[in-house]
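Here's the structure we're looking at; comments come further down.
The values are calculated or read from the model by the stated rules, or taken from the named source; none is laboratory data. Predicted model only: the values in this text are computed from it and were never measured. Don't worry about glycine lacking a Cβ; one is built from the backbone with ideal geometry, like all the others, and counts go over all protein chains shown.
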Ligand code: XIL
């Protein structure tokens with residue numbers, strides 16, 4: 001049994017119900033605004049279950065008319081793939097550039113889509129000046145001022161924020177399982193608390209998410225990861241850190257370590273028992289190491305996706321699923337490596353077996 005007092009848990013559940021309201025409102029909005037063109041879409045299938053399906057995108061993709069049409073058909077929510085990371089927003093210290101994020105938000109709003117923020121505090125994708133200044137000055141305003149400025153800029157307009165991303169890494173050897181990042185070295189574990197409190201203060205309406213990867217598969221390292229995430233969440237919630245949801249990135253491998261449905265199901269039950277909601281925030285399925293036969297690779301990737309989503313969507317605390325892109329046309333090969341096919345649509349925007357798998361997990 002976790003350390004949260006029953007009263008605290010009931011308080012969270014009540015608060016959580018309110019925080020869920022945006023999701024229900026979004027689901028209602030999606031149902032009314034989605035066109036029926038091209039048959040049923042993932043956006044519609046998800047909305048029928050009062051959930052959302054969405055994906056990551058960037059502004060250059062919006063210039064591709066066919067892709068933009070597929071995006072508005074299939075996605076009920078968008079998230080910026082990289083253009084709302086600090087490296088893009090605060091390239092130069094103290095100068096904020098919201099143009100790309102604003103353009104993505106405008107596109108989403110125009111097409112009745114929800115929009116979520118990614119990410120306020122991460123150890124990667126930061127401007128070149130940041131880490132040195134943090135290390136030299138140890139000024140916590142370098143963290144809180146940024147969160148206040150960015151979450152404040154989008155106040156009331158986002159479904160949720162990935163407030164802190166990938167702060168856990170048991171392989172770093174700390175008893176608390178936290179990643180020994182420059183943020184932690186400079187400010188201690190409380191940097192996470194500061195980030196969430198600053199985000200809540202800046203945008204009381206947004207759902208605040210702790211986002212990470214590593215909870216999905218069944219290896220011993222994943223066991224350690226799940227245990228560390230639960231320990232972190234229990235302790236943070238006991239300290240009244242305003243975390244509303246856990247974001248499972250969902251980066252899977254078709255021919256690597258497989259999803260352990262039993263372990264994942266038990267883990268997500270524990271997360272739900274803490275009064276948290278759950279979302280899949282960056283789902284894709286790498287097919288590296290697969291056979292030359294593309295149809296076999298696609299089928300294995302689809303089966304991998306379905307096995308994962310059946311467990312996640314089987315938990316009533318789950319509010320939705322986002323994939324880390326919509327089509328293989330725009331795979332970031334620098335990030336994905338030799339990756340050929342990872343997403344629901346192929347490079348010609350045709351639905352792949354992975355699309356069918358996601359549709360099936362939503363109950364099609
Ligand atoms: C990646 C993007 O896809 C790249 O375009 C960017 O250069 C770096 O970040 N986990 C995350 C995402 O939380 O932000 C990462 O996205 C993928 C891994």
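Some points to look at:
- Single condition residue 88 does not satisfy, out of (1) more than 16 Å from the ligand (Cβ to nearest atom); (2) touching a helix residue (DSSP H, G or I) at 6+ places or on another chain (Cβ under 7 Å); (3) under 24 Å from residue 343 (Cβ atoms): (1)
- Count of the range 271-293 residues, restricted to those that are more than 16 Å from residue 212 (Cα to Cα) and in a helix (DSSP H, G or I), is 2.
- Residue match in the range 294-316 (condition: outside any helix (DSSP H, G or I) and either within 16 Å of the ligand (Cβ to nearest atom) or at positive phi (or both)): no
- All positions within the range 69-102 that are out of contact with any strand residue (DSSP E or B) (no Cβ under 9 Å at 6 or more places or on another chain) and closer than 23 Å to residue 51 by Cα: 69, 72, 73
- Single match in 116, 124, 93, 99 (criterion: within 16 Å of the ligand (Cβ to nearest atom) and surrounded by fewer than 20 Cβ atoms within 10 Å (Cβ to Cβ)): 124
- Once the range 25-50 is narrowed to residues that are buried (at least 21 other Cβ atoms within 10 Å of the Cβ) and modelled with pLDDT of 95 or more, the residue that is nearest to residue 104 (Cα to Cα) is 43.
- Neighbours by Cβ (under 8 Å, 6+ apart or cross-chain): first from the range 90-108, touching a residue at least 12 places away in the same chain (Cβ under 8 Å); second surrounded by fewer than 16 Cβ atoms within 10 Å (Cβ to Cβ) and part of a helix (DSSP H, G or I): 93/133; 107/68
- Where a residue in the range 56-78 is under 14 Å from residue 350 (Cα atoms) and its partner, wherever it lies, is at pLDDT below 95 and in a loop (DSSP other than H, G, I, E, B), with Cβ under 8 Å and at least six apart: 73/35; 73/37; 73/38
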